[in-house]
Amino acid sequence: MYINGFLVPVPGDKKAEYQDVAERFWDIAKDYGAQEQVEAWEVDVKDGKWTDFRRAVDIQDGEKVVFSWMVWPDKATADASHEKMMADERMKAFGEAMPFDGKRMIFGGFDPLVVRGR
């Protein structure tokens with residue numbers, strides 16, 4: 001198992017648009033081996049004393065933080081799928097105007113340390 005994790009600043013009034021993009025992206029990612037996608041909309045995110053989710057993405061007035069992850073069978077599958085997904089014709093439907101500022105999105109890849117039941 002390999003996990004891509006994301007923090008995304010999204011304007012609060014763009015929740016439906018973000019959800020639509022995430023749902024359409026899943027249709028592409030699963031075709032290239034993704035096993036699970038979770039998109040979690042901010043409900044209770046406190047300001048920290050030194051750092052927090054909001055500062056991590058330089059949150060602006062009216063924005064919410066989305067905490068998300070995508071599960072792959074392994075890093076090799078995730079890595080191999082990236083360029084294929086970006087080249088997929090379905091990606092063109094997203095256009096240039098995403099409902100969030102991608103420059104402030106944080107992402108990375110992780111090997112799971114502890115995984116317990118759902």
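Any residue at all in segment 59-78 that's without any contact (Cβ under 8 Å) to a residue 12 or more places away in the chain, farther than 21 Å from ASN4 by Cβ and either touching a His at 6+ places or on another chain (Cβ under 9 Å) or open to solvent by 40 Å² or more (accessible area, probe 1.4 Å) (or both)?
Taking every residue of segment 59-78 in turn, at least one turns out to be without any contact (Cβ under 8 Å) to a residue 12 or more places away in the chain, farther than 21 Å from ASN4 by Cβ and either touching a His at 6+ places or on another chain (Cβ under 9 Å) or open to solvent by 40 Å² or more (accessible area, probe 1.4 Å) (or both).
Go over the candidates GLU23, GLU36 one by one and state the one that is of a type in the set (D, E, K, R), under 16 Å from the mean Cα position of the chain (by Cα) and surrounded by fewer than 13 Cβ atoms within 10 Å (Cβ to Cβ).
On the way: GLU36 fails: surrounded by fewer than 13 Cβ atoms within 10 Å (Cβ to Cβ).
Testing whether each residue is of a type in the set (D, E, K, R), under 16 Å from the mean Cα position of the chain (by Cα) and surrounded by fewer than 13 Cβ atoms within 10 Å (Cβ to Cβ) leaves just GLU23.
Suppose the filter is modelled with pLDDT under 95 and either under 17 Å from the mean Cα position of the chain (by Cα) or open to solvent by 80 Å² or more (accessible area, probe 1.4 Å) (or both); does ASP88 pass it? Break it down into steps so the answer makes sense when it comes.
Numbers: modelled with pLDDT under 95: yes; either under 17 Å from the mean Cα position of the chain (by Cα) or open to solvent by 80 Å² or more (accessible area, probe 1.4 Å) (or both): no.
No: the conditions fail for ASP88.
Determine whether ASP101 is of a type in the set (D, E, K, R) and modelled with pLDDT of 95 or more.
Values: of a type in the set (D, E, K, R): yes; modelled with pLDDT of 95 or more: no.
So ASP101 does not fit the description; no.
The values are calculated or read from the model by the stated rules, or taken from the named source; none is laboratory data. Bear in mind that the values here come from a model prediction, so they are computed numbers and not experimental data. Because the Cβ atoms are built from the backbone with ideal geometry, glycine has one as well, and the counts that use them run over all protein chains shown. Surface accessibility is based on the protein's heavy atoms, side chains included, excluding ligands, DNA and RNA. Shrake-Rupley method; radii C 1.70, N 1.55, O 1.52, S 1.80 Å.
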